[in-house]
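Everything below concerns the one structure shown next.
The values are calculated or read from the model by the stated rules, or taken from the named source; none is laboratory data. Small disclaimer: the values here were computed from a predicted structure and weren't measured. Reconstructed Cβ throughout: ideal geometry from the backbone, glycine too, with neighbour counts over all protein chains shown.
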Amino acid sequence: MKIFRTAIIAFIGFAIISGQSCSRNTFPSDSSGQPKNVILLIGDGMGVTQLYAAMSVVKKSLYLESAKFIGFNRTHSWDDYSTDSAAGGTALATGVKTRNGIIGMRADSMSLPNLIELAHRRGLAGGVVSTSSVTHATPAAFVAHNISRNQYEEIATDFLKTMPEVFIGGGYDNFANRRDGANYIPELKEKGYTVVTSVEELLEVDGADRLAGLLAPGHMPAMSDGRGDMLSYASLKAIETLSRNENGYFLMVEASQIDWGGHENNTDYIIREVLDLDRTLGVLLDYAKLNGETLIVVTSDHETGGMALPYGDVHDRSVAAEYTSTGHTGVIVPVFAFGPGADEFTGFYENTDLFKKIKTLLGL
């Protein structure tokens, strides 16, 4: 088993470096069977316009374009037509719509079990990977329970309670340089975590049962600031660790900063981050093809910016976007699914139904 996992990681690592990933059109269309593992890839703030902007400027088809099973979900929160990432993430993680700003709780502040906690109850492993701080709204919704998404240090405390086998992203200061003077790094190590603070250290990890990758004091850099293939490598390292559990796993991977480009109405920022999501999907698909037991679902928590594409040129591969907002909108967002169980994700449904579909497929 260890040799097989090592071969997978080595093969896909070569694909990232060389750009020689498997064909974008060769993932099996057979969706029969039940997955042992589920990877949920969330493009925060990614609507169909953000996606089409990225499709418009590249020469090759995106990996997302190879999806045979496509749906849409409604994103509104309990109290607002336009959800925020806390309520949107909570809907995806727990199957319940809540108030904007709340993490892992109902609108009345009662805690809800999330997919990682449910996985643990059934003996599966769970983890989160993000290009934001791991205590930011979306990854937090899969781990923590808090009345406010802004209570980052309290959310960090919940990581030591839920104990996902893997969490990788930014957020070191919420664990180590806290206002209350506490330092959770020694406690994480006592609980069996291998703790790393750089991508270089992350790549050297071998055989960890639990892995905490706190790779930046706050959020990770943007692609334009040199983040590189962190999301791809972190996702693969998470899989390597989670696969030590023979019962299976649930992994949430977030491309956080599509949303931030939307807030800035920055088209280049958005496109770079969407392409990073798609590149990460490519290596995940390579893994899933070899593994044969993994369902990959790609979606968004909401659209950001009210982005439109009134101008573009298909010959020189350029677009000129306009925006209606610097905030979130209430439009439906796409869902793409690959692998066993993928046909469950077609059609129109609430974001809470995506949780229910994953829960059923994993038998949680």
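Residue 315 passes every criterion in (1) in contact with a helix residue (DSSP H, G or I) (Cβ under 9 Å, 6 or more places away or on another chain); (2) without any contact (Cβ under 8 Å) to a residue 24 or more places away in the chain apart from (1). Scanning segment 282-307 for residues that are assigned to a loop (DSSP other than H, G, I, E, B) and under 25 Å from residue 84 (Cβ atoms) yields a count of 5. For segment 338-358, the condition holds for at least one residue, the condition being that it is of a type in the set (Lys, Arg) and crowded, with 19+ Cβ neighbours inside 10 Å.
Would you kindly identify the strands (runs of 3 or more DSSP E) lying entirely within segment 308-364 that contain at least 2 residues that are over 19 Å from the mean Cα position of the chain (by Cα)?
Details: elements: 318-323, 333-338, 347-350.
Fully inside segment 308-364 and qualifying: 318-323, 347-350.
Restricting to helices (runs of 4 or more DSSP H) lying wholly in segment 77-159: which have 2 or more residues that are more than 20 Å from residue 257 (Cβ to Cβ) and touching a residue at least 40 places away in the same chain (Cβ under 8 Å)? Spell out the reasoning first.
Values: elements: 85-94, 115-121, 137-141.
Once the helices (runs of 4 or more DSSP H) in segment 77-159 are filtered for at least 2 residues that are more than 20 Å from residue 257 (Cβ to Cβ) and touching a residue at least 40 places away in the same chain (Cβ under 8 Å), what remains is 85-94, 115-121.
For residue 273, all conditions in the list (1) closer than 26 Å to residue 165 by Cβ; (2) within 17 Å of the chain's Cα centre (by Cα) hold save one; what is the number of the exception? The one condition residue 273 does not meet is (1). Output the residues belonging to segment 102-127 that are on the phi > 0 side of the Ramachandran plot and within 19 Å of the chain's Cα centre (by Cα). The answer is 104, and nothing else.
Can you say whether residue 233 is surrounded by 21 or more Cβ atoms within 10 Å (Cβ to Cβ) and over 18 Å from the mean Cα position of the chain (by Cα), as far as the supplied structure shows?
Numbers: surrounded by 21 or more Cβ atoms within 10 Å (Cβ to Cβ): yes; over 18 Å from the mean Cα position of the chain (by Cα): no.
Here the answer is no, as residue 233 does not meet what is asked.
So which residues in segment 189-242 are assigned to a loop (DSSP other than H, G, I, E, B) and more than 18 Å from residue 276 (Cβ to Cβ), if there are any at all? Within segment 189-242, 191, 192, 197, 198, 205, 206, 207, 208, 209, 217, 218 meet the criteria. Here 67, 86 are screened, and the one residue that is over 23 Å from residue 140 (Cβ atoms), in contact with a strand residue (DSSP E or B) (Cβ under 8 Å, 6 or more places away or on another chain) and among the hydrophobic types (A, V, I, L, M, F, W, C) is 67.
Contact annotation: residue pairs with Cβ atoms under 6 Å, 6 or more positions apart or on different chains, pairing a residue in segment 38-49 that is more than 14 Å from residue 263 (Cα to Cα) with a partner that is among the aromatic types (Phe, Trp, Tyr) and outside any helix (DSSP H, G or I), are 38/250.
Restricting segment 134-163 to residues that are in contact with a helix residue (DSSP H, G or I) (Cβ under 6 Å, 6 or more places away or on another chain) and either at pLDDT below 95 or among the aromatic types (Phe, Trp, Tyr) (or both), the residue that is nearest to residue 252 (Cα to Cα) is 142. Conditions: (1) buried (at least 22 other Cβ atoms within 10 Å of the Cβ); (2) more than 16 Å from the chain's Cα centre (by Cα). Residue 278 meets all but one. Number of the miss? Among (1) buried (at least 22 other Cβ atoms within 10 Å of the Cβ); (2) more than 16 Å from the chain's Cα centre (by Cα), the lone unmet condition for residue 278 is (2).
Restricting to segment 43-80, name every residue that is among the hydroxyl-bearing types (Ser, Thr, Tyr) and within 23 Å of residue 341 (Cβ to Cβ). Spell out the reasoning first.
Restricting attention to segment 43-80, the residues satisfying the condition of being among the hydroxyl-bearing types (Ser, Thr, Tyr) are 49, 52, 56, 61, 63, 66, 75, 77.
Once the filter is applied, which keeps residues that are among the hydroxyl-bearing types (Ser, Thr, Tyr) and within 23 Å of residue 341 (Cβ to Cβ), segment 43-80 yields 63, 66, 75.
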